[in-house]
Amino acid sequence: MRVKEELPECPVATAVSLIGGKWKLLILRNLKERPWRFNELQRSIDGISQKVLTDSLRQMMSDGLAYRHDYHEQPPRVEYGLTELGTKMLPIVNSLADFGNYYKSLIEQK
């Protein structure tokens with residue numbers, strides 16, 4: 001997790017620093033359903049590169065939003081999921097989805 005001195009003073013800016021950008025929100029969207037394997041996540045998020053997904057997951061784990069579970073099996077099996085802190089972000093994701101659906105309905109009416 002980050003230390004207090006690394007965070008912006010504004011609480012909105014703090015939240016945006018944790019989930020800002022296109023990719024982290026889409027990763028959160030998927031992880032809210034269940035734990036995912038890396039390749040599953042990459043295939044489900046159109047346009048995300050392996051490097052960006054790796055970096056985003058590492059940052060989310062560092063910030064305490066996501067976890068990585070290594071099953072120590074052969075062949076290797078690793079899953080990523082949301083921590084309790086990560087689930088606290090889900091109302092934001094759900095609100096964005098609600099607004100996206102509302103906006104789409106407005107466009108369809110025109």
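Which order, highest average first, do 19-29, 95-105 follow once you tally other Cβ atoms within 10 Å for each residue and take the mean per peptide?
19-29, 95-105
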Computed over segment 44-93, Cα set: Rg, Dmax in Å
12.4, 37
Summing -39500 (n - 2.57) over every DSSP H run of at least 4 in the chain, dividing by its residue total and rounding to the nearest 500, the 222 nm mean residue ellipticity is -17000 deg cm²/dmol
Looking only at Cα atoms, what is the convex hull volume of the chain per residue, in Å³?
124 Å³
Sorted by mean Cβ packing within 10 Å, highest first, what order do the peptides 38-46, 61-69 take?
61-69, 38-46
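Bear in mind these aren't lab numbers, they're just calculated from the coordinates by the rules spelled out. These figures come from a predicted structure and were not determined experimentally. Quick reminder, even Gly has a Cβ in these numbers, built from the backbone with ideal geometry, and neighbours come from all protein chains shown.
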